[in-house]
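Read the structure below first, then the notes.
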Amino acid sequence: MTNIVIADHQAIFRAGVAKILAVEDDLRIVGQPKSLEQLHVCLEKLRPKVLLLSSGFDNTLIEIVTEAKRRSVPVLILAESNEPASRFTGMGVRGVVYRSVPGEYLVDAVRRVARDETYVQLHKGGSDEPSEDLVGARVRDRLSEREIKIMAAVVRGFRNRDIAMQLYTSEQVVKNALRHIFDKTGVSDRLELALYVLHHNVLAQATAAIQIEPQQRKGKRIPIAGASIKPQPLKRPPTIH
């Protein structure tokens, strides 16, 4: 049995990855830390066979990889679409996959890393080329630009209120859009949507291309790359004589 720790700040993505891996008879999820402190505890107490680590632990990646090496735990990095694999292989990690990775490739990557083999997902070209995902392509073509942006935010764990702030719209508009997205993808909730995106490479790459700042800034709109909606300037109130 291969014990796995999934370390990612995004709860819905942790759950989605865990659900994909947990159905395999030889894989077992033993921890899902979301913070550096929890991750240290998991490495010390649970002694996993593989650490699936999000590149979101940006400032502490070298520290984590070094500790994992000391404990003989191979690291498989879950990278963002704009991050070169060489950035992580230079740290000595065993493997690199992207958030666009199809489920079967993720399972294969975990198994290979557990056997102390190296696995680096082909980010462009190769057998996981998005053109092969005909179902994902059809669904993507049915989704509007705004719906893809909302789907990207949901996959990364944002709440309706946060998405509304980013798109400079209302929560009700986001809720209505989500219902349309659920209908077009055939899912019933946010977790199923995240899994659906993970399984379809075209959708995974479409959502990964959307840039979303992880932290909100009070009083400012958080931009999503390519958003066409702009906040309207505040009007000066009429002067009362």
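Karplus couplings for region 172-181 from phi (6.51 cos²θ - 1.76 cosθ + 1.60, θ = phi - 60°), rounded to Hz, Gly and Pro as x?
With the stated coefficients, region 172-181 comes to 5, 4, 5, 4, 4, 5, 4, 4, 5, 5 Hz.
Quick check on packing: order 136-144, 181-189 by the mean number of other C-beta atoms within 10 Å, highest mean leading. Spell out each step's value before the answer.
Details: 136-144: 16.0, 181-189: 14.4.
Ranking the peptides 136-144, 181-189 by packing returns 136-144, 181-189.
What's log10 of I(q)/I(0) for region 1-146 at q = 0.09, 0.19, 0.20, 0.22 Å⁻¹, Debye sum over Cα points only, no solvent?
Calculated log10 I(q)/I(0) at the listed q: -0.27, -1.14, -1.26, -1.49.
Measuring from label point to label point, each 7 Å out along Cα→Cβ, what is the T89 to R28 span in nm?
3.3
Exceeding 19 Å between C-alpha atoms, which entries from my cross-link table qualify? They are K149/K175; K19/K45; K45/K69.
On the way: K149/K175 13 Å; K19/K45 23 Å; K45/K69 15 Å.
Pairs exceeding 19 Å: K19/K45.
Let me have the relative contact order for region 2-120, percent, based on Cα pairs under 8 Å that are six or more residues apart. Please list the in-between numbers first.
Working: 192 pairs, mean separation 26.9, N = 119.
Worked out over region 2-120, it gives 23 percent.
Just grab the label-to-label distance for L122 and E145, each label 7 Å out from Cα along the Cβ direction, in nm (one decimal).
It is 3.2 nm.
On a C-alpha basis, how far is the centre of region 151-212 from the centre of region 36-78 in Å? Whole number, if you could?
29
If we restrict to alpha carbons, what Rg and Dmax does region 131-208 come to, in Å?
Expressed in Å, the Cα Rg and Dmax of region 131-208 come to 11.6, 36.
When ranked by the protection proxy of mean other Cβ atoms within 10 Å per residue, highest first, what sequence do the peptides 21-30, 73-82, 109-118 form? Walk me through the numbers on the way to the answer.
Numbers: 21-30: 14.0, 73-82: 20.8, 109-118: 17.9.
Per-residue mean Cβ counts within 10 Å order the peptides as 73-82, 109-118, 21-30.
Where a number appears in this text, it was derived from the coordinates with a stated rule and is not lab data. Because the structure is a prediction, the values reported are computed rather than measured. Here the Cβ is made from the backbone with ideal geometry for all residues, glycine too, and neighbour counts use every protein chain on show.
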